[in-house]
Amino acid sequence: MSSGHDHATEPGSGEVLRIEDQTGPLLRFAGRIDREAVRRFRLLVPPTAWPERADLAAVTAIDPAGLELLVHLSRKPQRRGQQLQLLAVPTELEAPLARAGLSRLLPHPGAAPTTT
């Protein structure tokens, strides 16, 4: 069975929740974002309620279904000339996000906000 190293393998270990913070609505991704986590999210949160911010700080792993969800989430604000804002992206997710074509959404730590 399991070697004991997989601490997030039980069903339902990943989730995507629509929450509110002081800035407004956002999606909080947590655990392993796989097909089942994406399916539950799509049942609970209709596309009309998808916010333009996603907090990835608590993600432990993301599979192709999770990456596809982020691609879909990024398309909605694009239609209005805006961009999905990814918050607290773990370093280990940067390469999979870039391979999925989402590198433009990654925060750029060296880029200071422009104020003139």
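When every residue of region 54-73 is checked against the conditions, none turns out to be touching a residue at least 60 places away in the same chain (Cβ under 8 Å) and surrounded by fewer than 19 Cβ atoms within 10 Å (Cβ to Cβ).
Filter region 68-82 down to the residues that are assigned to a helix (DSSP H, G or I) and charged (D, E, K, R), then identify the one that is modelled with the lowest pLDDT. Talk me through it step by step, then tell me what you get.
The first filter runs over region 68-82 and keeps only residues assigned to a helix (DSSP H, G or I), leaving 68-78.
Cutting the leftovers down to charged (D, E, K, R) gives us 68, 75-76.
Working: Glu68: 96, Arg75: 91, Lys76: 87.
Checked region 68-82; the qualifying residue modelled with the lowest pLDDT is Lys76.
When you scan region 24-38, how many residues do you find that are in a strand (DSSP E or B) and farther than 16 Å from Ala49 by Cα? Of the residues in that region, 4 qualify.
The values are calculated or read from the model by the stated rules, or taken from the named source; none is laboratory data. Since we're looking at a predicted model, the values are computed, not measured. Here Cβ is always computed from backbone atoms with ideal geometry, including for glycine, and neighbour counts include all displayed protein chains.
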